[in-house]
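Below is one structure; the comments refer to it alone.
The values are calculated or read from the model by the stated rules, or taken from the named source; none is laboratory data. Since the structure is predicted, the reported quantities are computational estimates derived from the model, not experimental observations. All Cβ positions, even for glycine, are placed from backbone atoms using ideal geometry, and neighbour counts span all protein chains on display. Heavy atoms of the whole protein, side chains included, go into the accessibility calculation; ligands, DNA and RNA do not. Shrake-Rupley method; radii C 1.70, N 1.55, O 1.52, S 1.80 Å.
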Amino acid sequence: MANWENFKKTVFYSEKTGFMLDFGGMGLDDEYLSAMSGKIAAALEGMDRLDAGEVVNVDEKRMVGHYWLRNSAKAPTPELKAEIDGCLSRVKAFAKDVHEGKILSGTGKKFKNVIVAGIGGSSLGPVFVDKALATPEDKMKLYFLDNTDPDGMDKVFAAVLPELDETLTVVISKSGGTIETRNCQEEAKAFYRKNGLDFSKFAVCVTGTGSKLYNTAKGEGWIDIFPMWDWVGGRTSVMSAVGLLPLSLKGLDIDAFLRGAADMDELNRNHDVMNNPAAIASLGWYKCSGGVGGETMVVLPYKDSLDLFAKYLQQLVMESLGKELDLEGRLVKQGLAVLGNKGTSDQHSYVQQLVGGPDNVFVTFVQVLKDREGASATVGEDSTSGDYLNAFMLGTKKALESHGKRTMTMTVPTVDAYNVGQLIAIFERSVGIYANLIGINAYHQPAVEFGKKAAGGLIATKNAAYSALKKAGRPMTARELASEIDADAEDVFRLMLHLANNSGELKMDWASDVTESTFGVK
């Protein structure tokens, strides 16, 4: 009975939303909660200021307003409320006109498919929700160009080719300068052109007003342009036009999606900590990490349709919390790593290490109560497949806890637009509260720019090396070529190795010592 009494104290349930959080496995005892009362109160006050429009993204001097997207009444000014409401209305009207054939393709046909071109926050959310809520009744099929991988693009192009003149392309980039998205856009444009179609008559975009992409779409006469605001970060943009436009074209009930998030947000604004599920979750994260990061959060949804949830959360959590400096500029090296699979696949992949390995993980189970539409067959021992799925989840939870590992379980009634909205919203708010607890800026990503700048420099090196080879008129080793253009020899070797395998104008003569291979223009 002692365990039952403890369970009663450590389970949160919202009758309104149907969401339940069992945090009994996180070690949040009365002593810990008392010790953390001041910190969590300050963290929640910080979230109140964020909601009110305070510039909390101090590095970029921006407000953080993704919570206003699902409840525009929370926006700090009437002008912002009007922008949010206006965008939502435009998205709905556009999708309706496409579905009804009032907006047609450049050849006068009704659109059947949508290619979504974007990367990171411009794709991870829509991809997750699209798969989670896919049904045979979807009004349009979504395809994603979410990397600058030619082979991946070709697979999408091959899939849509038979209906290319019935395929709409949505290009998503806040700045319009994201290289990967620009590449996807240009590849798509070339593919339409190769097949005798004017890309502009098949394209819409989501971008910032006045961006490179905005000006391109405006200048080329694309079908439409939807806004992307600087107060919405990419990893929290799925409830802006970034996600709502493709998902409404798919046929998703975006009102239910937004309502689920809004209802969860209201729960998470409660200053009574034990009635605030995001506050409870963030306190659990802090308990496991000691407030200094370095832990791994394992997210295990026991539902096939949610198997991309952990991948989506990787960006939300790791880009938000993985920070070198705190708000005072001190070196802190914060972060929580995220990994995940789906139940019960996880039991056949890495649960062995979760149970028996290092004590550097905590696990969040995501339980869905409804197995399927309709009745299930008995498969053995007077039980259904869903009964076994539930038993495996509970068994894994017990095994972890018996080996001293921390767990919590989030439960929703079913996988639908409303409940997926709830799941996204609780993690968004938990990230914000935890960031306040540890004193970091959760809303910028300075380290992401390092790789982008390095890539730009390497493209310049590739072009310089190729020009030097043409000018030399003779084969050269990577070391010789690097000396010629004052570059790193390893960089030159790897750049020319790739170019020789993909360009018809460059050849490579392999040497037994591969580093002494020569490159030359054919």
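Below, the figures for the structure above:
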read-out: At R0 = 25 Å, FRET efficiency that the Cβ-Cβ distance of E15 and S376 yields, to 0.05; value: 0.40
read-out: Accessible-area value, I223, 1.4 Å probe, nucleic acids and ligands omitted, Å²; value: 60 Å²
read-out: Heavy atoms of R62: accessible area, 1.4 Å probe, square angstrom to 10; value: 70 Å²
read-out: Reachable lysines, given that their alpha-carbon falls under 19 Å from the alpha-carbon of K462 and they are not under 8 places away in the same chain; value: K452, K453, K470, K471, K507, K522
read-out: Distance between region 318-391 and region 451-522 - C-alpha centres, whole angstrom; value: 44 Å
read-out: Alpha-carbon centroids, region 62-112 and region 145-198: separation in whole Å; value: 23 Å
read-out: Tensor-based shape of region 1-156 (alpha-carbon gyration tensor, a/c under 1.5 rounded, otherwise prolate or oblate); value: prolate
read-out: Packing rank of 360-372, 189-201, 240-252, where each peptide gets the mean count of other beta carbons within 10 Å, highest leading; value: 240-252, 360-372, 189-201
read-out: Tensor-based shape of region 241-379 (alpha-carbon gyration tensor, a/c under 1.5 rounded, otherwise prolate or oblate); value: oblate
read-out: ³J(HN,Hα) computed for each position of region 80-87 - Karplus, 6.51 cos²θ - 1.76 cosθ + 1.60, integer Hz, glycine/proline x; value: 5, 4, 5, 5, 5, 5, x, 5
read-out: Spin-label model distance (nm) - E220 vs Q352, 7 Å beyond Cα toward Cβ; value: 5.1 nm
read-out: Length released on extending from L394 to T414, taking residue separation times 0.36 nm less the Cα-Cα span; value: 5.4 nm
read-out: Additional length obtainable on full extension of the chain from D85 to T384, 0.36 nm per residue less Cα span; value: 103.1 nm
read-out: Segment R330-M274, extension gain: residue separation times 0.36 nm, minus the distance between their alpha carbons; value: 17.0 nm
read-out: Approximate spin-label separation E266-A447, in nm, with each point projected 7 Å along Cα-to-Cβ; value: 3.8 nm
read-out: Percent of beta bridges antiparallel (DSSP, the chain, rounded to nearest 5); value: 35 percent
read-out: Residues E60 and A35, FRET efficiency given R0 of 41 Å [Cβ-Cβ distance, rounded to 0.05]; value: 0.75
read-out: Cα-based shape type of region 93-247, given that a ≥ b ≥ c are square roots of the gyration tensor eigenvalues and the cut on a/c is 1.5; value: rounded
